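This report concerns only the one structure given below.
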Amino acid sequence: MKPPEFDEKNWKPVPRVPEWPVYQPEALPIGWRHIGTFNGDPQRSKYGWKIFYDGCHLILRDVNDDPNPFNGKPFRSIEQYEFPIQGARWFVDNIKRFFLKPGEPGALPAHKFSLTEYCGDEKLGISRLADCYASTPGYCFKNQSRCGHPNRDLCQRFDMSDEALFKEGGYLALFTEIAERYERGEL
């Protein structure tokens, strides 16, 4: 199947929400509550992802303080992704669509490897990845309404290997727990 031709006249970019700063771990906003940690994906993070909730958003953060491999000087790397809190439920409900047979209710068409929809006022997506990192397949949870840090030209995308997503206590279990806690009013 040949992809459709790009129609420049009718193309409209996804509206972006205002950018957030990437906060240093010593100066996180007062209203952020730590609601979870994920340590089970050493290829993705050496120290573990911290999950925060600010009353409206799910914030995934990883901070690495390692020496620069080229010169040995201290180097801080911070990754930060922001999603509407309802995005946790949206992700949990929609990842299942990748495993339905084409033609089943809710299934993706046979030729699709990604899904994008609005969740609240932000455009979220899930994509199947053939090479997530370290030559392993996985999935990408993206917020197309927010710029990535530090590359402002690309959207935010949080990659997860299949193993880290689906293993017991993995990202799927963590997002499910967060969605259920939010729906019960426990966040």
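Quick look at the numbers
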quantity	calculated
Extended-chain gain in nm, criterion 0.36 nm per residue less alpha-carbon gap, residue 173 and residue 23	51.3 nm
Carbon plus sulfur fraction of accessible area for the range 33-184, probe 1.4 Å, in percent	53 percent
Lys, Arg +1 and Asp, Glu -1 on Cβ, resulting dipole of the range 1-145 about Cα centre, debye, nearest 20	320 debye
Label point at residue 100 placed 7 Å out along Cα→Cβ; residues across the range 106-121 whose backbone nitrogen lies under 12 Å	106-110
Exposure ranking of 142, 96 by accessible area [1.4 Å probe, largest first]	96, 142
Cut-off under 5 Å, modelled amide H: who pairs with residue 145 long-range	123
Accessible area per residue, Å², the chain with all protein chains present, probe 1.4 Å	59 Å²
Radius 15 Å from Cβ of residue 179, net charge of other residues (Lys, Arg +1; Asp, Glu -1)	-1
Per-residue HN-Hα couplings for the range 10-20 [Karplus 6.51, -1.76, 1.60; θ = phi - 60°; Hz; x = Gly/Pro]	9, 6, 10, x, 5, x, 9, 7, x, 5, 9
Computed accessible area, residue 65, all protein chains, 1.4 angstrom probe, square angstrom	80 Å²
Solvent accessible area, Å² - residue 171, 1.4 Å probe, full protein context	0 Å²
Table column - 3J(HN,Hα) (Hz), the range 89-104, Karplus curve with 6.51, -1.76, 1.60, x for Gly and Pro	5, 4, 4, 4, 5, 8, 4, 5, 5, 6, 10, 7, 6, x, x, 6
For the range 178-186, Karplus couplings with θ = phi - 60° (6.51, -1.76, 1.60), whole Hz, Gly/Pro x	5, 4, 5, 5, 5, 5, 8, x, 9
Amide H contacts under 5 Å for residue 75, placed H, 5+ residues apart	66, 68
Spin-label model distance (nm) - residue 78 vs residue 121, 7 Å beyond Cα toward Cβ	2.4 nm
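The values are calculated or read from the model by the stated rules, or taken from the named source; none is laboratory data. Since the structure is predicted, the reported quantities are computational estimates derived from the model, not experimental observations. Heads up, the Cβs are rebuilt from the backbone with ideal geometry, glycines too, and the neighbour counts pull from every protein chain shown. Each accessible area value is taken on the protein alone, full model and side chains, heavy atoms only, with ligands, DNA and RNA left out. Shrake-Rupley method; radii C 1.70, N 1.55, O 1.52, S 1.80 Å.
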